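> The structure is given below, and queries will be raised subsequently.
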Amino acid sequence: MNTIDLTPHLAGLEAGQLRVARCRACGESRFPPKPVCPHCRVHGDIEWFTAAGTGTVWSYAVFRKAYFPPPGPQPPYVVAVVRLTEGVQIISNVTGDVRVGLPVTATFERVNGTPLVRFRPA
Ligand SMILES: [Zn+2]
């Protein structure tokens, strides 16, 4: 079975960095790194790198119900698909007034000791 090892990504969050993978064969970024590159079909052969932490809101939804008890997000909060400058999309929270196309930058915080990445308007 092919498993996705997110250890480098999680270590990046611990260090306040947003790390994503890129295919060594074609150079395309991807996250999460699936076993086969969707661009060139090469199996495996990825490297992790630190993304700029910038991007734009591609889509979003405003959640008006609490799905997790505190310290989980309390409504209303935004869950967005952020397209990073490197071309990959990541699902995360965005704070502040949000709209499609909004430039955002990553912020790092800890919730119950777990490091998280969120985004705010750039
Ligand atoms: Zn590739």
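The values are calculated or read from the model by the stated rules, or taken from the named source; none is laboratory data. Predicted model, so just to flag it, every value in this text is computed and none were measured. Backbone-built Cβ (ideal geometry, glycine too); neighbour counts: all protein chains shown. Calculation scope for accessible area: heavy atoms of the full protein, side chains included, ligands and nucleic acids excluded. Shrake-Rupley method; radii C 1.70, N 1.55, O 1.52, S 1.80 Å.
> Within region 39-63, restricting attention to residues that are within 11 Å of the ligand (Cβ to nearest atom) and touching a Lys or Arg at 6+ places or on another chain (Cβ under 7 Å), which residue is nearest to residue 95 (Cα to Cα)?
Checking each candidate, the answer is 46.
> Right, something else. How many residues does region 83-97 contain that are among the aliphatic types (A, V, I, L, M), over 20 Å from residue 110 (Cβ atoms) and open to solvent by 70 Å² or more (accessible area, probe 1.4 Å)? Working first, answer last.
Residues of region 83-97 among the aliphatic types (A, V, I, L, M): 84, 88, 90-91, 94.
Next, only the ones that are over 20 Å from residue 110 (Cβ atoms) stay: 84, 88.
Applying the additional criterion that residues be open to solvent by 70 Å² or more (accessible area, probe 1.4 Å) yields none.
Residues that pass the stated criteria total 0.
> Is it fair to say residue 109 is within 16 Å of the ligand (Cβ to nearest atom) and of a type in the set (Asp, Glu)?
In short, no.
> Sticking with this structure for a sec: Name the pairs whose Cβ atoms lie under 8 Å apart, with the first residue in region 37-56 and charged (D, E, K, R), the second open to solvent by 50 Å² or more (accessible area, probe 1.4 Å), and 6 or more positions between them or separate chains?
Here the result reads 45/24; 45/25; 47/22; 47/24, each pair linking region 37-56 to a residue that is open to solvent by 50 Å² or more (accessible area, probe 1.4 Å).
> With respect to residue 105, is the statement that it is open to solvent by less than 50 Å² (accessible area, probe 1.4 Å) and out of contact with any helix residue (DSSP H, G or I) (no Cβ under 8 Å at 6 or more places or on another chain) true?
Yes, satisfied.
> Looking at region 34-53, can you tell me whether even one residue there is under 15 Å from the mean Cα position of the chain (by Cα) and at pLDDT below 95?
Yes; the residues of region 34-53 include at least one that is under 15 Å from the mean Cα position of the chain (by Cα) and at pLDDT below 95.
> Only strands (runs of 3 or more DSSP E) wholly contained in region 1-82 count here; list those with 1 or more residues that are surrounded by fewer than 13 Cβ atoms within 10 Å (Cβ to Cβ).
Per the criteria, 46-50, 54-63.
> When residues of region 25-37 are filtered for being farther than 19 Å from residue 82 by Cα and either of a type in the set (Gly, Ala, Ser) or near the ligand (Cβ under 8 Å from one of its atoms) (or both), how many remain?
Number of matching residues: 4.
> Give the number of residues within region 89-120 that are under 15 Å from the mean Cα position of the chain (by Cα) and within 18 Å of residue 51 (Cβ to Cβ).
19
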